[in-house]
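Here the structure is laid out as structure tokens; the discussion comes afterwards.
The values are calculated or read from the model by the stated rules, or taken from the named source; none is laboratory data. The model shown is predicted, which means the values in this text are computed figures rather than measured ones. When we count neighbours, we look across all protein chains shown, and the Cβ atoms used for this are built from the backbone with ideal geometry, even at glycine.
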């Protein structure tokens with residue numbers, strides 16, 4: 001199964017429409033489930049949900065995950081070594097996503113699809129590519145707070 | 001730690017997700033500041049939240065409204081902080097952050113700013129403005145801490 005997620009901030013109708021069309025014309029033969037957020041475009045050929053409290057079960061079931069460039073989504077998946085394709089949503093503010101995406105792409109943790117027209121190709125790449133999992137150092141807020149309170 | 005009162009400044013999407021993960025790490029009296037337009041955030045937090053106006057509505061907004069909203073958020077932050085008087089205010093870097101953080105500094109309340117993992121080399125606009133003005137400024141990547149004075153790297157939350 002291929003799982004597509006746009007995240008919670010803003011919808012990405014163009015991506016959903018593109019994937020839906022690729023499934024319709026059978027360029028994508030796998031089952032696809034999409035999390036479309038508040039999107040106005042309703043897919044015709046794929047299953048969809050709008051929001052879910054957690055996407056973990058979808059990530060877990062998916063062979064390939066296609067997501068926006070949200071740092072949370074990226075970290076949740078690269079830390080587990082899952083097959084992840086990211087694509088920028090032009091409507092999301094900032095434009096700083098290249099920082100984490102570049103870093104993770106260099107490490108071989110994801111496939112960066114820079115143009116929506118190349119998404120079918122990116123899926124093919126992801127199928128055969130080996131994704132190494134990324135292990136970041138994590139911190140404990142409790143310890144930081146203790147330190148801060150002690151510091152006066 | 002149980003007698004500490006901590007206010008988390010949330011936002012939408014990843015900022016909120018990280019704020020909630022952090023809040024679950026500690027046993028303290030917890031409160032949240034959430035943008036009124038983010039129903040998802042309110043639902044995730046459930047209780048103990050203050051719903052506030054966001055300074056910006058993504059790209060659609062004009063500058064005048066942003067200034068007005070920011071001023072309103074300063075006043076609202078002052079009211080919330082005077083009422084709640086938390087020991088610490090923590091932000092995961094959403095667009096709501098600057099007003100409550102500057103008000104907290106004015107009132108002598110400690111602040112912890114935690115930059116998003118999406119910022120590897122450069123801080124966000126809010127983050128940059130707050131460097132040197134918080135009790136702690138934590139980056140998610142060592143690269144950022146190396147480039148900016150006053151930025152510390154302890155690890156990442158996602």
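Structural remarks
- Test: residue in the range A:84-97 that is under 22 Å from residue B:19 (Cβ atoms), in contact (Cβ under 8 Å) with a residue 60 or more places away in the chain and touching a helix residue (DSSP H, G or I) at 6+ places or on another chain (Cβ under 8 Å): yes
- Residue list for the range B:4-17, filter: in contact with a strand residue (DSSP E or B) (Cβ under 7 Å, 6 or more places away or on another chain) and under 23 Å from residue B:95 (Cβ atoms): B:6, B:7, B:8, B:9, B:10, B:11, B:12
- In summary, strands (runs of 3 or more DSSP E) completely within the range B:43-158 and bearing 2 or more residues that are within 13 Å of the chain's Cα centre (by Cα) and within 12 Å of chain A (Cβ to nearest Cβ) occur at B:88-91, B:110-114, B:136-139.
- Applying the condition of being over 21 Å from residue B:152 (Cα atoms) and surrounded by fewer than 15 Cβ atoms within 10 Å (Cβ to Cβ) to the range A:130-139 and asking which residue is nearest to the other protein chains (Cβ to nearest Cβ) yields A:133.
- Of all residues in the range A:80-92, those being farther than 21 Å from residue A:61 by Cβ and either surrounded by 13 or more Cβ atoms within 10 Å (Cβ to Cβ) or at pLDDT 95 or above (or both) number 4.
- Inside the range A:43-71, residues that are within 13 Å of chain B (Cβ to nearest Cβ), in contact (Cβ under 8 Å) with a residue 40 or more places away in the chain and crowded, with 18+ Cβ neighbours inside 10 Å make up a count of 4.
- Selection status of residue A:142, more than 14 Å from chain B (Cβ to nearest Cβ) and either touching a strand residue (DSSP E or B) at 6+ places or on another chain (Cβ under 9 Å) or over 28 Å from residue A:14 (Cβ atoms) (or both): no
- Unmet criterion (only one of (1) surrounded by fewer than 18 Cβ atoms within 10 Å (Cβ to Cβ); (2) over 16 Å from the mean Cα position of the chain (by Cα)) for residue A:14: (2)
- In the range B:1-33, of all residues being in a strand (DSSP E or B), without any contact (Cβ under 8 Å) to a residue 60 or more places away in the chain and buried (at least 17 other Cβ atoms within 10 Å of the Cβ), the one that is nearest to the chain's Cα centre (by Cα) corresponds to B:32.
- Enumeration of residues in the range B:5-20 that are facing chain A (nearest Cβ under 9 Å) and either modelled with pLDDT of 95 or more or more than 22 Å from residue B:104 (Cα to Cα) (or both): B:6, B:13, B:14, B:17
- Positions within the range B:95-118 being within 25 Å of residue A:95 (Cβ to Cβ) and touching a strand residue (DSSP E or B) at 6+ places or on another chain (Cβ under 7 Å), in sequence order: B:96, B:97, B:101, B:113, B:114, B:115, B:117
- Residue B:74 modelled with pLDDT of 95 or more and surrounded by 14 or more Cβ atoms within 10 Å (Cβ to Cβ): yes
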